[in-house]
Every structure is written in C-alpha cells, then in structure tokens.
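All remarks here apply to the structure that follows.
Bear in mind these aren't lab numbers, they're just calculated from the coordinates by the rules spelled out. It should be emphasised that the depicted structure is a prediction, and the values quoted were computed from it without experimental measurement. Neighbour counts are summed over all protein chains in view; Cβ atoms, including those assigned to glycine, are modelled from backbone coordinates with ideal geometry.
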Amino acid sequence: MDNRPIGFFDSGLGGLTCIPPLLAAMPEERVIYFGDTARTPYGSKAPSTIKTFSLQIADFLVQRNVKMIVIACNTVSAISLPELQQRYPDIPVVGIIRPAAEKVARTCDKSNSVGIIGTKATIQSNAYQDLILQLSPDIRLNAIPCPAFVPLIEEGIIENEIMDLSIKYYMDSFIEDHKIDTLVLGCTHYPLIRDNINRIYPFLNIIDPSREIAAHIQRQLTERDLLAKNSDFENTFYASDLSENFVNMINRIFEINRFKVEFKNLDFDV
Ligand code: DGL
C-alpha cells in the first residue's frame, strides 16, 4: 500500500482527461496534476525544448513525493519517455502511447484502416506508427497532425462552429482518401472534441488513449504494491499560468463535490 499521490502532467489542460477514468477505476487514488499552461502548446516546439520543459515538470512532481509519474501528454511521451525513465529509476514513469497502441493491436486487424491524429511533434516522431506496427505489422495506418486543435481547446473554443470547421479542414480528405474506420485521438486534448468528431463522422470507431491508460496504471500500481487506501491527500492541480480556462475545465471535467481541488500557481525559471 502507498498513499502518496500519482503525479500527472501535460502541456496544459488536456491531460485532465486522463483523470476521471483513473478515479472511476481506482477511487482511492489521489493525484497531483501539473498543466504547463504558460508554455502550451508543446506540439509545434522542437524536441529539445519539449525535453527541457518535461524534465522541469517531472522534477517538480518528484519533489512533491509522487509514487508514479504519468505523462498525460502524447507529445511528451513521444519525445521524452526514455529520458524521464532513466532520470527516475526508482519511480515508475508511464507514457500514454503504449496503452493506446496495444488497444489498436488488440482490436484491429488488416481489414481496418486506422487513422491517428495528434500534434506535429507526435506525428513526426512516428512513435504511434512504429509501436503499432511492431505489435501488429499488418495493420493499415495513416497519421495526420492537427496543430490548430490544441490552441482552440485551450481557449475553450469547443462546442463551436470554428472548432467544427477546423476538424473538417484537417480531417475531411484524410478520412475519405484513406477510408478511415478507426481513429486514435493521439493527443490528450482531443477527448474534449470527441463529441464534435462523433457528430461529424458518426461511423468512426474512436480509440481514446486517455481512457486506455487507466488500466495500465492500475496494473503497474498493483504489481508494485503501490495502491492507495484511505488516503487523506487532497487532489491538487497546478498550472504555470492559472488561466480561467484551466480552472473552468477542472470544474467542467470533475464532479466538484466528489473531488476536492486546490488551485495553485507556480512560476518557472525558463
Ligand atoms: N495534450 C498534449 C498531447 O497529448 C498536447 C500537446 C501540445 O501542447 O501541443 O500531445
């Protein structure tokens, strides 16, 4: 048993989408979340910048005595997972790409046409493509970056014609040209526009890594005897810029009566 919190981080508010599935599966667990809202988006930045930022945040979480680090960001998972695992050999560091790639390999075969959407950095890294093909070499895969989605979502432009137009701009010909039937939401911000995508392309089978990672975390905690019990730690949410949208999103995603949240601001040396 281990009542220390699990540390989550993302470039902004997207990684929050990993937390409700986790707490639904493991209500005894507590979390510390860091959203780098001052420096979002990461997905169009150079890999070296993404590595620097992610190491700073992981250090911050480790200083707060987390029992596990969850990289609730596909971009950071694609770029920095090995470095983070090497830096903290005593703490499990979990990336979000493997659980989703395993789900694709488990549920799809060569009759499917799988599309992956994500940030530029994630798609250009080929992290999803390489891992899925390693697990299941016959799967037909295509991937496309959708760089406008994260800034719009961070601005709270979601249930909106502008978001729908942006989705169609990137995805209409992608889906039609490749006859996509299964779509991986390869960025933790994208579950927040899942309803838009469902409405525009109702025939798609959607794979959501933010949901898939919960079972992976549960397995790791169980194997290492790190599950929590009766913890009195308060779920805590940090942001490098405490934007109104970050606070609104926590209120929107969480049932505020069930999960106590504490908002804190943190200034980083860049
Ligand atoms: N939520 C991050 C991801 O999963 C968004 C990256 C960004 O800031 O561009 O990739």
Note on the stretch 178-189: residues away from the ligand (no atom under 12 Å from the Cβ) and part of a loop (DSSP other than H, G, I, E, B) are Lys179, Ile180, Asp181
Given the conditions (1) out of contact with any Lys or Arg (no Cβ under 8 Å at 6 or more places or on another chain); (2) within 14 Å of the ligand (Cβ to nearest atom); (3) among the hydrophobic types (A, V, I, L, M, F, W, C), which single one is not true for Ile175?
(2)
Is it the case that Ser48 is of a type in the set (S, T, N, Q) and in contact with an Asp or Glu (Cβ under 7 Å, 6 or more places away or on another chain)?
no
How many residues of the stretch 204-229 are of a type outside the set (Gly, Ala, Ser) and more than 14 Å from the chain's Cα centre (by Cα)? The answer is 14
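For (1) surrounded by 15 or more Cβ atoms within 10 Å (Cβ to Cβ); (2) in contact with a strand residue (DSSP E or B) (Cβ under 9 Å, 6 or more places away or on another chain), each residue gets a yes or a no:
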| site | (1), (2) |
| --- | --- |
| Ser173 | no, no |
| Glu176 | no, no |
| Leu183 | yes, yes |
| Cys187 | yes, yes |
| Ile193 | yes, yes |
| Asn196 | yes, no |
| Ile200 | yes, no |
| Leu204 | yes, yes |
| Asp208 | yes, yes |
If I ask for residues that are free of Cβ contacts under 8 Å to residues at least 60 places away in the same chain and touching a helix residue (DSSP H, G or I) at 6+ places or on another chain (Cβ under 6 Å), which ones from the stretch 16-70 would you list?
Lys51, Ser54, Ala58
Near pairs, Cβ below 8 angstrom, 6+ apart or cross-chain, from the stretch 177-189 (within 25 Å of Phe9 (Cβ to Cβ)) to any residue that is part of a strand (DSSP E or B) and among the acidic types (Asp, Glu):
Thr188/Asp10
Got at least one residue in the stretch 40-52 being more than 12 Å from the ligand (Cβ to nearest atom) and crowded, with 24+ Cβ neighbours inside 10 Å?
no
Across the stretch 1-30, which residue is nearest to Ala239 (Cα to Cα) among those that are away from the ligand (no atom under 16 Å from the Cβ) and of a type in the set (A, V, I, L, M, F, W, C)?
Ile6
Residues (within 17 Å of Gly7 (Cα to Cα) and charged (D, E, K, R)) located in the stretch 84-101
Arg87, Asp90
Pick out, from the stretch 61-157, the strands (runs of 3 or more DSSP E) lying fully within it that include 1 or more residues that are away from the ligand (no atom under 11 Å from the Cβ) and of a type in the set (Gly, Ala, Ser).
113-118, 140-145
Return the total of residues in the stretch 6-37 being over 21 Å from Ser240 (Cα atoms) and in a helix (DSSP H, G or I).
6
Considering residues that are touching a residue at least 60 places away in the same chain (Cβ under 8 Å) and surrounded by fewer than 15 Cβ atoms within 10 Å (Cβ to Cβ), the number found within the stretch 221-230 is 4
From the option list Lys45, Lys51, single residue qualifying as farther than 22 Å from Val247 by Cα, of a type in the set (Lys, Arg) and in a helix (DSSP H, G or I) is Lys51
